[in-house]
Every structure is written in structure tokens, then in C-alpha cells.
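Participant: One structure follows; several queries about it will come next.
The values are calculated or read from the model by the stated rules, or taken from the named source; none is laboratory data. Every value quoted in this text rests on a predicted model; they were computed, and no experiment measured them. Don't worry about glycine lacking a Cβ; one is built from the backbone with ideal geometry, like all the others, and counts go over all protein chains shown. In case anyone asks, the SASA skips ligands and DNA or RNA and just uses the protein heavy atoms, side chains included. Shrake-Rupley method; radii C 1.70, N 1.55, O 1.52, S 1.80 Å.
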Amino acid sequence: MTIISPSLLSCDFSRLAEQMKEFNESGAEWLHYDVMDGHFAPNLTFGTDILKGIRKMTDAVLDVHLMVTDPTYYADLFVKAGAQFVTFHTEAIDVEKGLALVRLLHEKGVKAGVTLCPATPVEALLPYLPEVDMVLVMSVVPGFGGQSFMADQLEKVRYYDQYRKEHDLHYLIQIDGGINEETGKLSKEAGCDVFVAGSHVFKNPKGMKHGVESLR
Ligand code: DX5
Ligand code: ZN
């Protein structure tokens with residue numbers, strides 16, 4: 001499976017409507033929405049009202065990546081605003097509360113994802129694997145678009161891919177940060193299914209459709 005999820009973080013916000021139109025014609029299945037609260041990650045991005053506006057501008061699956069210190073509080077707000085996938089960081093929550101959040105999302109009919117920063121060991125997500133719909137491997141330190149791909153994180157992708165095969169689990173593996181044709185190919189070979197790309201799609205000099213197609 002190959003799903004492309006362009007990250008709105010790299011959008012030109014002075015031309016949001018135009019960019020969303022181009023996004024809709026790009027062939028991407030999902031739209032990645034990076035929520036940063038200025039605490040968990042050193043950047044402040046966008047909230048629920050903007051997601052509600054985006055919901056009106058596209059039929060793409062809304063893939064919300066919460067980089068916040070209180071994922072339980074914000075998950076609920078983003079679900080109400082139209083999120084279809086909500087992915088939160090294991091570093092921000094203990095396992096008991098994290099699993100409760102996964103179950104709460106499922107009760108609301110929303111897919112749940114869990115993720116980890118590059119410095120966090122691969123085992124940190126083990127308690128979540130039987131229950132989540134997606135595992136996100138961060139290939140940059142959360143905070144900004146346009147950073148370089150950390151190839152050592154592909155070890156984690158291989159681990160989660162092997163784990164799902166061995167345990168007959170069906171979660172998707174998503175990769176986020178520094179994805180282009182080259183790093184996307186390496187990620188695919190390692191076992192990824194969902195490819196987040198900010199700069200490569202929204203800032204592609206040949207246009208967004210080319211950005212998406214070149215990844216595919
Ligand atoms: C980084 C964000 C990413 C970012 C990716 O903290 O989680 O989703 O937008 O941007 P690129 O593809 O430019 O690295
Ligand atoms: Zn992201």
C-alpha cells in the first residue's frame with residue numbers, strides 16, 4: 001500500500017485556497033496536519049478552526065499529527081473539527097492514559113496512531129501495537145518542515161514491519177520528515193505505507209501533482 005499525505009505545514013498561507021485547490025488535483029489521498037503547541041515542539045502551528053475550514057476545502061483523509069504536551073485534551077477538539085486519524089506522541093503521555101486515548105478515539109469512530117521522536121527507543125511503542133491503526137516513525141526531530149531525513153530511523157520501520165508480520169497485526173507504518181523521491185524509496189523498501197511530505201509536495205518547483213507522482 002502507498003498513501004501520500006502532504007503536510008500542510010509547508011503550504012504558502014498567503015494563498016491557502018489556491019494551494020488547497022492544487023492539493024485536491026494532486027492525487028494525494030491524505031492531508032497531514034501538524035499541530036504544535038509551542039511546548040512539546042519549539043513551534044506553534046494551527047488549531048481547530050483552521051482544520052474546520054480545511055475540511056470544507058477537501059475530501060482527503062485528514063491525518064492529524066499532535067505534537068502537544070496534552071494529547072488527550074487536544075485529540076477530542078480535533079476529532080470534533082473533522083480529524084479522521086489522530087496520532088499522538090508516546091513521550092507526551094504514560095502508557096495507561098495513551099491506551100485510554102486510543103480506545104476513546106476508536107469509540108468515536110476515529111483511527112488512532114502513535115509516534116515517537118528520533119531519540120526515543122523503538123520499544124516505547126510496543127504496548128500500543130496490538131491496538132493502533134498506525135505507527136508513525138519520525139525521520140526528523142519534530143518542529144519544522146524542510147529538515148534532512150535521518151536514515152538511521154529506518155531501523156525502526158523495519159522493526160515495526162517485522163513485528164506486525166510476526167504478530168498478524170495490520171497497523172499502517174507512516175514516515176514523516178525529509179521525504180523526497182530518494183528517501184521515500186528507501187522508506188518503502190523498509191516497509192512504510194504512508195508517506196508524509198511537506199516541502200517535496202507543497203514547495204515543489206514543478207507543482208504539487210509532480211511532487212505526489214514522483215513519490216509514488
Ligand atoms: C515535522 C512535521 C512534518 C513536516 C515534514 O515536525 O511533523 O510533518 O511538515 O516536512 P518535510 O517533508 O518538509 O520534512
Ligand atoms: Zn507531521
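Participant: From largest to smallest, what semi-axes in whole angstrom does region 28-162 give when each is the square root of 5 times an eigenvalue of its alpha carbon gyration tensor? Mind dumping the intermediate values first?
Facilitator: Numbers: eigenvalues 96, 63, 42 Å².
Over the Cα atoms of region 28-162, the semi-axes work out to 22, 18, 15 Å.
Participant: How much accessible area per residue does the chain have, counting only protein heavy atoms and a probe of 1.4 Å, in square angstrom?
Facilitator: Details: 9600 Å² over 216 residues.
Ligands and nucleic acids excluded, the figure is 44 Å² per residue.
Participant: Once you have the Kirkwood Rh of region 151-216 from its Cα pairs, apply Stokes-Einstein at 25 °C and 0.890 mPa s and quote D in µm²/s.
Facilitator: 197 µm²/s
Participant: Relative contact order, percent, of the chain when contacts are C-alpha pairs under 8 Å separated by at least 6 residues? Before the final figure, lay out each step's value.
Facilitator: Details: 435 pairs, mean separation 49.2, N = 216.
Over the chain, the number comes to 23 percent.
Participant: So how far, in whole Å, is the C-alpha centre of region 101-166 from the one of region 170-214?
Facilitator: The two parts, judged by their Cα centres, are 16 Å apart.
Participant: Looking at A124, Y73, V196, which one has the Cα that reaches farthest to the positive end of the dipole of the chain (charges on Cβ: Lys, Arg +1; Asp, Glu -1)?
Facilitator: Sorting the options by dipole projection puts first V196.
Participant: At a 1.4 Å probe radius, carbon and sulfur cover how many percent of the accessible area of the chain?
Facilitator: Its accessible area is 54 percent carbon and sulfur atoms.
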